1. Sorting LEU73, LEU32 on the 10 Å Cβ count, fewest up front, what's the list?
2. Is region 1-91 rounded, prolate or oblate when judged by the Cα gyration tensor, a ≥ b ≥ c being the square roots of its eigenvalues, rounded requiring a/c under 1.5 and prolate requiring a/b larger than b/c?
Amino acid sequence: MDDPRIVIDAAQAAQGAILYHSTCYACHGSELKSSGSIAPDLRESRLALSWTRFARSCTRDCSPPWMPKYDDLTEEDLRALYMYVRQQAREAARDHSVPHSITPEKRQSP
């Protein structure tokens with residue numbers, strides 16, 4: 001799922017890839033594809049489409065009960081992770097391996 005209005009910062013996404021592969025990949029998969037665990041495919045997640053929801057799900061009580069809290073991640077770390085997830089979602093949508101692209105008319109408010 002992609003929102004074309006989100007501007008991807010390639011440098012942040014590169015940093016996010018490093019963080020993702022040291023923090024998130026075990027549950028969300030090496031390519032953001034869930035590897036059979038309870039964790040969702042982040043490329044298709046509406047929660048990961050919104051910066052606010054994404055950041056809160058990583059650090060606050062609103063995350064699902066099985067999601068670890070990563071209170072040690074800085075806002076910069078979280079923004080880098082978000083950029084990586086959005087970059088990968090965009091690439092997947094473009095490659096049609098994830099067929100969803102959200103248009104402004106379809107977007108739900110955060």
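1. Numbers: LEU73 17, LEU32 25.
The order, fewest Cβ neighbours first, is LEU73, LEU32.
2. Working: a/c = 1.33, a/b = 1.18, b/c = 1.12.
Rounded is the answer for region 1-91, as its axis ratio a/c remains below 1.5.
Any read-out appearing in this document is the output of simple, stated calculations on the displayed coordinates, not a laboratory observation. Bear in mind the structure is a predicted one, so any value in this text is a computation, not a measurement. All Cβ positions, even for glycine, are placed from backbone atoms using ideal geometry, and neighbour counts span all protein chains on display.
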